[in-house]
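Enquirer: First the structure, which I've put down as structure tokens, then a few questions once you've had a look.
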Amino acid sequence: MIPTSGGEIGFDEWLRLRRSFSRSGPDATLVLGGTGHLLLSPAEEAEISAHLVGRVLPDIARQAPSGGVLVATGAAPGADLVFHRTALDWFRRTGIACRSVALLPVPPEWLVQDWVLYARGAGVALEDETIARHRAALALMLEESQWRVTLYRPRGEPVSGSLDWRTDQYRQLAACLAEQPDILVAMLRAQN
């Protein structure tokens, strides 16, 4: 069973909490990670959601223990938000206990700013409406997440905003997602 306490926790606290999730026994919990591309078109988002609902999540549900599923993902626009929303909605509709954790490599307000910078660097112009939609989805994700894991600093330690520091933080998120889940779902384009 997933512990009921929550809120913002540091990375060390997350690691201790993660070790408490057993894959066997009456309180077993499956930790399900999700990752993928930052820049997705609405059509790609819909395609990912349809594939998750039509095949991936039902396959995973057959492996879900009695304690349910904990969805763990970064809190970035793109695949992270699509996976979080689709997985939570699907597991809840099917009656499988599901909670979520948002892994924050940088302060939340920087996630959308970095996404916009990344899009510009890739030659993609984002409309104000698209940016606002992603901000709202991120806010909802953070509100719904049982835990918000701050990967970026121990409490009280100053945060650097340099590009090199942020890049290292996103690498730490990738390492965490590669290592912590029992199952990791990567949402990638066919040519990537």
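Enquirer: Near the amide H of ALA72, under 5 Å away, which other amide H atoms are found, from residues 5 or more places off or on another chain, if H is placed in the peptide plane?
Expert: Distant-sequence amide H within range of ALA72: LEU32, GLY33, GLY34, VAL101.
Enquirer: Hydropathy at least -1.0 by Kyte-Doolittle, axial extent at least 18 angstrom from the Cα trace: which helices of the chain, defined as entire DSSP H runs, fit? Show your work: numbers first, answer last.
Expert: Numbers: long enough: 79-93 (21 Å, -0.29); 108-121 (20 Å, -0.16); 128-144 (24 Å, -0.11); 163-179 (24 Å, -0.59).
Length and hydropathy pass: 79-93, 108-121, 128-144, 163-179.
Enquirer: Taking the chain as a Gaussian network, where each spring joins two C-alpha atoms under 10 Å apart, which residue of LEU177, LEU142, LEU38 fluctuates the most?
Expert: LEU38
Enquirer: Further question: Can you tell me the relative contact order of the chain? Whole percent, Cα pairs under 8 Å, sequence separation 6 or more. Before the final figure, lay out each step's value.
Expert: Working: 298 pairs, mean separation 60.8, N = 192.
Computed over the chain, the figure is 32 percent.
Enquirer: Using only DSSP helix segments of four residues or longer, with each worth -39500 (n - 2.57), what per-residue ellipticity at 222 nm results for the chain after dividing by its residue count and rounding to 500? Numbers along the way, then the final one.
Expert: Details: 7 runs with 88 residues, N = 192.
Here the helix-only value at 222 nm equals -14500 deg cm²/dmol.
Enquirer: Any idea how far apart GLU8 and HIS51 come out in nm if each label point goes 7 Å out from Cα toward Cβ?
Expert: Reported label-point gap for GLU8 and HIS51 is 3.5 nm.
Enquirer: Would you please classify the overall shape of region 38-146 from the alpha carbon gyration tensor, given that a ≥ b ≥ c denote the square roots of the eigenvalues, rounded means a/c under 1.5, and beyond that prolate means a/b larger than b/c while oblate covers the rest?
Expert: Here region 38-146 falls in the prolate category.
Enquirer: Suppose every K and R has +1 on its Cβ and every D and E has -1 on its Cβ; what is the size of the dipole of region 49-192 about the Cα centre, in Debye to the nearest 20?
Expert: 320
Enquirer: Whenever you get a sec, line up ARG55, ARG85 from highest to lowest accessible area (probe 1.4 Å, protein heavy atoms). Could the numbers behind the result be given before it?
Expert: Numbers: ARG55 145, ARG85 70 Å².
Final ranking, largest accessible area leading: ARG55, ARG85.
Enquirer: Would you mind classifying region 98-154 by shape? Square roots of the alpha carbon gyration tensor eigenvalues, ordered a ≥ b ≥ c; an a/c under 1.5 is rounded, otherwise it is prolate if a/b is larger than b/c and oblate if not. Walk me through the intermediate numbers first.
Expert: Working: a/c = 3.00, a/b = 1.60, b/c = 1.87.
Here region 98-154 falls in the oblate category.
Enquirer: Rank PHE11, PHE83 by accessible area, highest first, at a 1.4 Å probe radius?
Expert: On the way: PHE11 50, PHE83 0 Å².
The residues order as PHE11, PHE83, largest area first.
Enquirer: A further question on this structure: Quick one: if the Förster radius is 35 Å, what FRET efficiency do ILE96 and GLU129 give, using the C-beta to C-beta distance and rounding to 0.05?
Expert: That pair, ILE96 with GLU129, gives E of 0.55.
Enquirer: Considering only the other residues whose Cβ falls under 15 Å of the Cβ of ARG85, what net charge follows from Lys and Arg at +1 and Asp and Glu at -1?
Expert: The answer is -2.
Enquirer: Right, another one. Calculate the radius of gyration of the Cα atoms of the chain to one decimal place, then report Dmax, the largest Cα-Cα distance, as a whole number, both in Å.
Expert: 16.3, 50
Enquirer: Put a dot 7 Å past each Cα toward the Cβ at ARG16 and LEU142; how far apart are the dots in nm?
Expert: My value for the distance between the label points is 2.5 nm.
The values are calculated or read from the model by the stated rules, or taken from the named source; none is laboratory data. As the structure is a computational prediction, the values presented were derived from the model and not from experiment. Glycine gets a Cβ as well: all are built from the backbone with ideal geometry, and neighbour counts include every protein chain shown. Remember, those area values only see protein heavy atoms, side chains included, never the ligands or the DNA or RNA. Shrake-Rupley method; radii C 1.70, N 1.55, O 1.52, S 1.80 Å.
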